[in-house]
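The values are calculated or read from the model by the stated rules, or taken from the named source; none is laboratory data. The shown structure was predicted, so the numbers you read here are calculated from the model rather than taken from an experiment. We place every Cβ from the backbone using ideal geometry, glycine too, and count neighbours over all the protein chains shown.
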Ligand SMILES: [Zn+2]
């Protein structure tokens with residue numbers, strides 16, 4: 001899944017934790033659960049991708065990253081939610097390490113089979129639903 005749903009759900013899980021180690025564990029578990037839900041991620045490993053699509057993916061990534069970091073900033077007064085959201089999203093850093101250095105968590109990295117990828121319409125819809133539910137929860141309960 002993309003960054004914003006991971007931050008929103010990780011922060012929501014962090015709301016229910018009482019210390020930082022729990023928030024780290026909760027954020028990490030929330031990441032794995034979201035990756036297992038059917039979703040769509042752009043195939044960034046496609047070597048034959050047209051230039052316009054590569055640029056579009058970069059723009060979408062930057063928007064997603066900005067929204068995720070903005071949400072973390074909004075949650076800055078609650079360390080558990082902030083840590084849960086941060087770990088929830090940035091667990092994906094091992095994907096980048098795995099692509100370049102072959103370092104990563106075996107059950108999580110791209111190609112491990114853990115990710116449940118589906119078509120773009122269904123896959124983005126599921127991400128939107130998860131994101132909106134988590135944002136609604138954060139708005140009502142936490143912000
Ligand atoms: Zn992931």
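When you look at residue 77, is it exposed (fewer than 14 other Cβ atoms within 10 Å of the Cβ) and under 16 Å from residue 143 (Cα atoms), yes or no? Yes.
Count of the range 5-59 residues, restricted to those that are touching a residue at least 40 places away in the same chain (Cβ under 8 Å) and part of a helix (DSSP H, G or I), is 24. A residue that is surrounded by 15 or more Cβ atoms within 10 Å (Cβ to Cβ), out of contact with any strand residue (DSSP E or B) (no Cβ under 9 Å at 6 or more places or on another chain) and under 18 Å from residue 142 (Cα atoms) occurs nowhere in the range 36-44.
For the range 99-115, filtered to residues that are surrounded by 15 or more Cβ atoms within 10 Å (Cβ to Cβ) and touching a helix residue (DSSP H, G or I) at 6+ places or on another chain (Cβ under 9 Å), the residue that is modelled with the highest pLDDT is 115.
Put simply, of 86, 90, 96 the only residue that is within 16 Å of the ligand (Cβ to nearest atom), more than 19 Å from residue 13 (Cβ to Cβ) and either surrounded by 12 or more Cβ atoms within 10 Å (Cβ to Cβ) or at pLDDT 80 or above (or both) is 96.
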